[in-house]
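Each reported figure results from applying straightforward, stated rules to the coordinates on display, with no laboratory input. Keep in mind that what you see is a predicted model, and the values were worked out from it rather than measured. A quick note on method: Cβ atoms are made from the backbone with ideal geometry, for glycine too, and the neighbour counts reach across all protein chains shown.
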Amino acid sequence: MDWWLFVKVIGAVAAAVVLYTVGAAVLRSFFSSPPPDDEPAALEPVDIRFECLVCGSQLTMTAAPGGELPSAPRHCMEEMHLVADASSA
Ligand SMILES: [Zn+2]
């Protein structure tokens with residue numbers, strides 16, 4: 001067997017293994033889920049009512065992280081107005 005051909009075949013196999021390993025690692029990093037964020041605050045029951053000043057729709061929030069007043073949701077492209085926060089009253 002030609003020695004040079006043998007070296008080339010070994011080199012090609014080694015290159016293929018390296019490419020496969022690197023490619024598999026890259027693909028794994030793409031598909032693996034990102035590390036979990038800090039534990040979100042547990043939902044606690046609240047009774048917060050928001051009203052849309054544009055159309056008058058009312059929205060009652062029944063749970064919020066940590067039971068705190070969340071930022072106002074939007075309706076009709078505007079921030080909703082806080083009507084009542086029975087949980088902290
Ligand atoms: Zn609205």
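So the values come out like this:
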| item | result |
| --- | --- |
| Pairwise FRET efficiency - Asp38 versus Val13, Cβ, R0 = 41 Å, nearest 0.05 | 0.35 |
| Distant-in-sequence amide H partners of His81 (H built 1.01 Å from N, under 5 Å) | Glu51, Cys52, Leu53 |
| Extension gain (nm, one decimal) between Val54 and Leu82, 0.36 nm per residue minus Cα-Cα | 8.7 nm |
| Value of D in µm² per second that Stokes-Einstein yields for the chain, Kirkwood Rh from Cα pairs, at 20 °C (1.002 mPa s) | 116 µm²/s |
| Packing-based ranking, highest mean first, of 23-33, 75-85 given that Cβ atoms within 10 Å are counted | 75-85, 23-33 |
